[in-house]
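Novice: One structure follows; several queries about it will come next.
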C-alpha cells in the first residue's frame, strides 16, 4: 500500500461505517451503541483510484490512563502516530461537542496532515453542524455520508490535496519481473502414489478463541512483543476479530484475536451476538485454531463445546492452558489435565495441549511448534496403495459385521481431500455400515498413520455395478 490513514473521532460518529465502506467489506462491527470499536483495526482500502491502508480506531472518551476508556484512547494515539494522515470525523447531524474540540487541538499539535470530514451530511438539519466544523481550525470540512456512500469523490480529492500527488500516487513497480509460476497446491488431486511434501514456508492463519478473560489478547501481545491489542482485568474487552501479522522462524503468521464466547443461552445483547458471529467467521477462515483454557478453572462446559465446534468445522486444533504462572503444583496439575483431555475429548484423540503463560511468555515457543506440527498433520496425504493395504489388514483383524444375515464388504479406499484428511471407501450397502465400525476405522487411521488431534472424515460409497442397468435375460 502507498500510505496509511487513521480514522479518528469521538464515539458514534460513523468511523467503523466509513471503514467498512472504504475496505468494501463489513469487517468492523457497527451498532448504534457508542464505543463499539475498542482495538485499532487495519484494512486495505480503495477510494476511486487511491489504494492505501486504513485504520479504524476507538472514539475519544476522556478518562484516566488506567481505565478501559483510557487504554482505548492509547490505542487510538498509537494509530495516529503510525498513520501518514488522519481523517477526523465529526457528526454534522448532532453538531460539535467539547470532545471534538479536544481532539482537534491534539491533532493540530501532532503536525501531521488532517482531513476534516463531516459525516451524516445527508441528514435533514445537518447544515448547522457542517458550518460549525469550520470553527475547529482544520480547514474546510468534507461533507460525506459513510452509510450511503455520498461524497466519496470529494473525500478522495481532499486526501490527495492533503498528501500531495507524489505521495498519493507513487511510481508503479514493474511487475514483469515478479510473475510467479503457480504450481499445483497440496489440495489438488494428483498421482495417488505421491505423497506431497509439506511446505514449511507457506503463510499460516491461526485463530485464537476461548471463554471471556482467558487471556487471548495478552497471549497475542506477548507473541508480538508489544501492546498491540487492548487488554485488562475486565472480561469481554475484545469485540471485533482483529488480525495481526508477524514472523516466527522466518515464517509468516497471521493470527486472529477473537471475542470471548460465552454459552449461547447467556448471549442476549445484539452487540455480543455480532461479536460471537465475527469469532465464528474467524474460525472458518483459519487453518489452525488455538483454544485458550484458563488453567486455574479448566474444562468448563463451554471449553468442551468450543473444542467440539472447531472439530466439527474441520479445523486443526491446539489447546493452550494459559495462566500457568498461577499454578502452585505444575507437575500434578499437568498430569490431571492430560488425563482429563484424553477422557473428555475423545473426538480429538491425541490433540496437542501446551501449558503457557501469556503474562510471562512461558511455553510460547512450544505452542508455536505444536501449531506447525498440527498443521502438517492437517495437510497430510496418504497414497492409495498404502490405504488399501491398511484396509485389508483392518478387515482381517476385525471383519465388518453381518447385517441382516449378509456380510458387509469394504472393497477400495482412497484419500479424496486434505485439510482435514477425508477418505472414501467403496463398499456394499453403505447405509448399513454401523457407526461403531466407522469409529474403529477412524481410530485405526489416527494411530497407524500418525494423525493425532485433527478431524478425520470417512465417506462411504456404493461400489459401481457394471451390470445393474442391463435388462435381465429370460
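The values are calculated or read from the model by the stated rules, or taken from the named source; none is laboratory data. Quantities reported herein were computed from a predicted structural model and do not represent experimental measurements. We place every Cβ from the backbone using ideal geometry, glycine too, and count neighbours over all the protein chains shown.
Novice: Quick one: residue 227 ticks every box in (1) part of a loop (DSSP other than H, G, I, E, B); (2) modelled with pLDDT under 85; (3) over 20 Å from residue 298 (Cα atoms) bar one, so which box is it?
Specialist: So the condition that residue 227 fails would be (2).
Novice: Would you pick out the residues in segment 239-251 that are on the phi < 0 side of the Ramachandran plot and either over 13 Å from the mean Cα position of the chain (by Cα) or at pLDDT 90 or above (or both)?
Specialist: Selection gives 242, 243, 244, 245, 246, 247, 248, 251.
Novice: Run down 333, 310, 377, 372 and say which single residue is assigned to a helix (DSSP H, G or I) and touching a helix residue (DSSP H, G or I) at 6+ places or on another chain (Cβ under 7 Å).
Specialist: Residue meeting the stated conditions: 310.
Novice: Considering only residues that are assigned to a loop (DSSP other than H, G, I, E, B) and free of Cβ contacts under 8 Å to residues at least 12 places away in the same chain, look in segment 383-436 and name the one that is farthest from the chain's Cα centre (by Cα).
Specialist: 405
Novice: Continuing with the same structure: Here's a check for you: in segment 450-474, which residue that is under 29 Å from the mean Cα position of the chain (by Cα) and part of a loop (DSSP other than H, G, I, E, B) is modelled with the lowest pLDDT?
Specialist: For segment 450-474, the residue satisfying everything is 453.
Novice: Oh, and also: Counting just the residues of segment 32-49 that are farther than 16 Å from residue 72 by Cβ and in a loop (DSSP other than H, G, I, E, B), which one comes out nearest to the chain's Cα centre (by Cα)?
Specialist: Here the residue is 32.
Novice: Something else about it: Of the conditions (1) under 16 Å from the mean Cα position of the chain (by Cα); (2) surrounded by 17 or more Cβ atoms within 10 Å (Cβ to Cβ); (3) within 23 Å of residue 451 (Cα to Cα), residue 303 fails just one. Which one is it?
Specialist: Single failed check for residue 303: (1).
This table checks each residue for (1) touching a strand residue (DSSP E or B) at 6+ places or on another chain (Cβ under 7 Å); (2) buried (at least 21 other Cβ atoms within 10 Å of the Cβ).
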{"site": "326", "(1), (2)": "no, no"}
{"site": "331", "(1), (2)": "no, no"}
{"site": "334", "(1), (2)": "yes, no"}
{"site": "345", "(1), (2)": "no, yes"}
{"site": "358", "(1), (2)": "yes, yes"}
{"site": "369", "(1), (2)": "no, no"}
{"site": "378", "(1), (2)": "yes, yes"}
{"site": "386", "(1), (2)": "no, no"}
{"site": "394", "(1), (2)": "no, no"}
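Novice: In segment 55-72, how many are modelled with pLDDT under 85 and either crowded, with 20+ Cβ neighbours inside 10 Å or part of a strand (DSSP E or B) (or both)?
Specialist: 1
Novice: If you scan segment 170-222, which residues turn out to be part of a helix (DSSP H, G or I) and modelled with pLDDT of 50 or more?
Specialist: 216, 217, 218, 219, 220, 221, 222
Novice: Does segment 449-467 contain at least one residue that is out of contact with any helix residue (DSSP H, G or I) (no Cβ under 7 Å at 6 or more places or on another chain) and surrounded by 15 or more Cβ atoms within 10 Å (Cβ to Cβ)?
Specialist: Yes.
Novice: Among the residues that make up segment 281-304, is at least one of them part of a helix (DSSP H, G or I), within 25 Å of residue 27 (Cβ to Cβ), assigned by TED's automatic domain parsing to the domain that holds residue 210 and in contact with a helix residue (DSSP H, G or I) (Cβ under 8 Å, 6 or more places away or on another chain)?
Specialist: Yes, because at least one residue in segment 281-304 is part of a helix (DSSP H, G or I), within 25 Å of residue 27 (Cβ to Cβ), assigned by TED's automatic domain parsing to the domain that holds residue 210 and in contact with a helix residue (DSSP H, G or I) (Cβ under 8 Å, 6 or more places away or on another chain).
Novice: Continuing with the same structure: Could you tell me whether any residue of segment 95-106 is over 26 Å from residue 217 (Cα atoms) and assigned to a strand (DSSP E or B)?
Specialist: no
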